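Enquirer: Just passing along the structure, written as structure tokens.
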Amino acid sequence: MTASMKVTAREVLEIRAEYDAGTIVTKRWADKLNCSIESVRRIARRETYRFIAEVDAAAAVADEVSADEAAASLRRLQAELDATPMSGREADALITELTKQGERNRDDPQQG
């Protein structure tokens with residue numbers, strides 16, 4: 001694997017599911033993850049990323065927030081902040097954090 005390779009629990013779960021179903025295209029995954037085909041095969045055969053068990057990966061996928069959910073949450077927060085005075089510094093930090101999360105989710109369709 002390359003040092004730049006970052007694999008989410010969702011991706012590990014998808015690779016393993018495709019492998020188990022016999023439908024995996026390792027070249028496509030290798031290109032997407034910027035790694036070797038053998039690295040993808042090792043993930044699929046559960047030789048690497050063993051710490052991500054199927055149950056853990058499924059829970060991680062279920063816990064992820066979609067871009068729409070993050071955006072809706074941000075809108076609710078902004079409306080609440082408009083209605084309730086709060087320390088400006090605290091409010092700005094919270095809005096910045098949620099905005100960044102929403103942007104990450106929007107930019108990474110695998111997240112939502």
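Enquirer: May I ask you to verify whether LYS6 is in a loop (DSSP other than H, G, I, E, B) and within 22 Å of ASN105 (Cα to Cα)?
Expert: Taking the combined requirement at face value, the residue satisfies it.
Enquirer: Could you run through the stretch 71-87 and say how many residues are at pLDDT 75 or above and not acidic (Asp, Glu)?
Expert: Count: 10.
The values are calculated or read from the model by the stated rules, or taken from the named source; none is laboratory data. The structure displayed is predicted, hence computed values, not measured ones.
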